[in-house]
Amino acid sequence: MKVLKFGGTSVGSAARIKHVADLICRERRNVVVLSAMSGTTNSLVEIAEYLYKGNVPGAQEVLNTLERKYESVVDELMSTDDGRRKASSAIDRVFALLRSFLSETLSEAGEKEILAQGELMSTALMQCFLEERGMRSVLLPALDYMRTLENGEPDMQHISVRLKRMLDLEPEADLFITQGYICRNDHGGIDNLKRGGSDYTASIIGAVLDVDEIQIWTDIDGMHNNDPRFVDGTRPVERLHFEEAAELAYFGAKILHPSCVLPAKLHNIPVRLLNTMQPEAAGTVIYNFAPDGSLKAVAAKDNITAIKIKSGRMLLAYGFLHKVFETFEKHRTSIDMMATSEVGVSVSIDDDSRLAAIVDDLKHFGTVIVDRNMVIICVVGDLEWQSCHFQAKVLDALSGIPVRMISYGGSNYNISVLVRKQDKIKALKALSDKLF
């Protein structure tokens, strides 16, 4: 058994849904996880925003536009009157629910219920289409088995028991269709998995069912060795260690959320990244293979702010770093990179919403210098310190580019450098030329 997850662009139109149906019907007894059709969640967020502001006509206008889109999709997708009636009925129920929120004050729970409707509609359409094609597919409502604990983490025991029971009740099924992203919280209310969304759903399902492989289908043929938007001639990386993939995802490779594959990693289940539009492409496989001593890829993370705290009092001062880190903890701001010396410490952050308050507090400890519009460039691979030459290659490639910070040694899979925004593309191209 495998888990196949398809993102919003993969099911973004009637033609795309038909194409995905062709892909998933190649094998039997797999679990298929679907995101909302592309653009749907944005529209649902907009509806909720209008309702929070008390602008019911604004919400109604967005709702009407979204409904017309789905009516068009149903007409194009279904080829029989019976199939069209079933699909229309499923979609009509969702829009009737959405309209019920127009007459009441929106709560946080109501907002989450609104946001859940995208996945419910995409899976309903897929199920109706598969039934029309004669497939014995079964719709597994995620709200019947996917649950989180009080801390927001998935309740793996509950998910395992409920999901296995649901599958056992359908021994003749060809396929199982379910929603990504949505779940119930520990109070039983409709909620969502937030980080990684549908990818996280697929990883959780794969872990509890102990599947052979988890496939993440998107609109790109795997995780590339550099950013194809800025560098010519990039290619998919054939295989990555889970740690390498997590580093790339965190530092800019948007194809995968850095933490969503954790259940797969813990259960030693390979995750394969594939392209819906090029299903024959090999893609990228992520698993716990032995390191091979090679450099794999480069990624960039934008909108970074560097903060340097200089203080003569830091020299031999016990507890100085604790006070600095306590400041960032107080303001709920995480640190990406860090470098220290006897008289100062430099850190980088990607969330500057509390920067003014952070700087104000840090001034109690020393002189504070802030550099905005920075970019973290990370080089990922098997970077055990005993290996030779890769550090020199990285620095040699960047010899003509000012580097604000360098981070190496905190991970066996990553060297990170901090450069100015205007040097980003030059750095990516230089690294690609030198390393690959």
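The values are calculated or read from the model by the stated rules, or taken from the named source; none is laboratory data. Values in this document were obtained by computation on a predicted structure and should not be read as measured data. Every residue, glycine as well, gets a Cβ built from its backbone with ideal geometry; the counts of neighbours run over all protein chains shown. To get the accessible areas, we keep the full protein, side chains included, count just its heavy atoms, and leave off ligands, DNA and RNA. Shrake-Rupley method; radii C 1.70, N 1.55, O 1.52, S 1.80 Å.
Each of Leu209, Ala173, Val231 was placed along the dipole of region 165-252 (beta-carbon charges, centred on the mean Cα), and the one lying farthest toward the positive end is Val231.
Per residue of the chain, the DSSP helices (runs of n ≥ 4 H) give a summed -39500 (n - 2.57) that works out to -12000 deg cm²/dmol at 222 nm. If R₀ is 51 angstrom, what is the calculated FRET efficiency for the pair Met156 and Ser399, using the beta carbon separation as r and rounding to 0.05? In this case the efficiency is close to 0.55.
Just so you know, the Cα atoms of region 200-264 work out to an Rg and Dmax of 12.6, 40 Å. In the chain, what percent of the accessible surface is made up of carbon and sulfur (1.4 Å probe, ligands and nucleic acids excluded)? Its accessible area is 49 percent carbon and sulfur atoms. Legend: calculated FRET efficiency, Asp75 to Cys25, from the Cβ-Cβ distance at R0 = 30 Å, rounded to 0.05, equals 0.85. Relative contact order for region 40-129: 38 percent, from Cα pairs under 8 Å spaced at least 6 residues apart, divided by residue count. For Lys429, the lysines whose Cα falls under 27 Å of its own Cα, not counting residues fewer than eight places away in the same chain, are Lys254, Lys296, Lys301, Lys393, Lys421.
Around Ser399, with a cut-off of 13 angstrom between Cβ atoms, what is the net charge of the other residues, counting Lys and Arg +1 and Asp and Glu -1? Around Ser399, the surrounding residues sum to 0. For the chain, the longest principal axis of the Cα atoms and the long axis of helix 117-132 meet at an angle of about 50 degrees.
Taking label positions 7 Å along the Cα-Cβ direction at both Asp92 and Asp352, the computed distance is 5.3 nm, reported to one decimal. Note on Lys164: lysines with a C-alpha under 29 Å away, same-chain residues under 8 apart excluded, are Lys2, Lys5, Lys18, Lys86, Lys112, Lys194, Lys265. Of all the options Met223, Met277, Met37, the one that moves most in a Gaussian network model of the chain with Cα springs shorter than 10 angstrom is Met277. Compare Asn225, Asn42, Asn268 in a GNM of the chain, Cα atoms joined below 10 Å, and give the one with the largest fluctuation. Ranking Asn225, Asn42, Asn268 by mean-square fluctuation puts Asn42 first. For the chain, the longest principal axis of the Cα atoms and the long axis of helix 320-330 meet at an angle of about 20 degrees.
Here the Kirkwood formula puts the hydrodynamic radius of region 95-136 at 11.9 Å, using every distinct Cα pair. Remark: the Cα gyration tensor places region 125-226 in the oblate category, a/c being 1.5 or greater and a/b not exceeding b/c. Of all the options Glu111, Glu342, Glu71, the one that moves most in a Gaussian network model of the chain with Cα springs shorter than 10 angstrom is Glu342.
For region 181-220, averaging the sequence separation of C-alpha pairs within contact (under 8 Å, six or more residues apart) and dividing by the residue count gives a relative contact order of 28 percent. The distance between label points at Ala282 and Arg85 comes to 5.1 nm (points 7 Å beyond Cα on the Cα→Cβ vector).
On a per residue basis, the convex hull of the C-alpha atoms belonging to region 298-416 measures out at 119 Å³. Between Tyr318 and Ser411, the distance separating the two model label sites (each 7 Å from Cα on the Cα→Cβ line) works out to 3.4 nm.
For the chain, the longest principal axis of the C-alpha atoms and the axis of helix 156-168 are separated by about 30°.
If a/c stays under 1.5 just call it rounded; otherwise compare a/b with b/c (prolate if a/b is bigger, oblate if not). Do that for the chain, with a ≥ b ≥ c from the square roots of the Cα gyration tensor eigenvalues. It comes out prolate by the Cα gyration axes. Across region 179-293, the volume of the C-alpha convex hull divided among the residues equals 123 Å³ per residue. Shown is the FRET efficiency for Asp292 and Gln391, computed with R0 = 22 Å from the Cβ-Cβ distance and rounded to the nearest 0.05: 0.80. Using only the C-alpha atoms, the convex hull of region 234-296 corresponds to 99 Å³ per residue.
Using C-alpha pairs under 8 Å with a sequence gap of at least 6, the mean separation divided by the residue count of the chain gives a relative contact order of 13 percent. If you take the square roots of the eigenvalues of the alpha-carbon gyration tensor of region 365-436 and sort them as a ≥ b ≥ c, do you get rounded (a/c under 1.5), prolate (a/b over b/c) or oblate? The shape class here is oblate. Accessible surface calculations at 1.4 Å, restricted to protein heavy atoms, place the chain at 46 Å² per residue. Judged by the mean number of other Cβ atoms found within 10 Å, the most tightly packed of the peptides 51-57, 410-416 leads the ranking 410-416, 51-57. Separation of region 378-430 from region 271-308 is 16 Å, based on Cα centroids.
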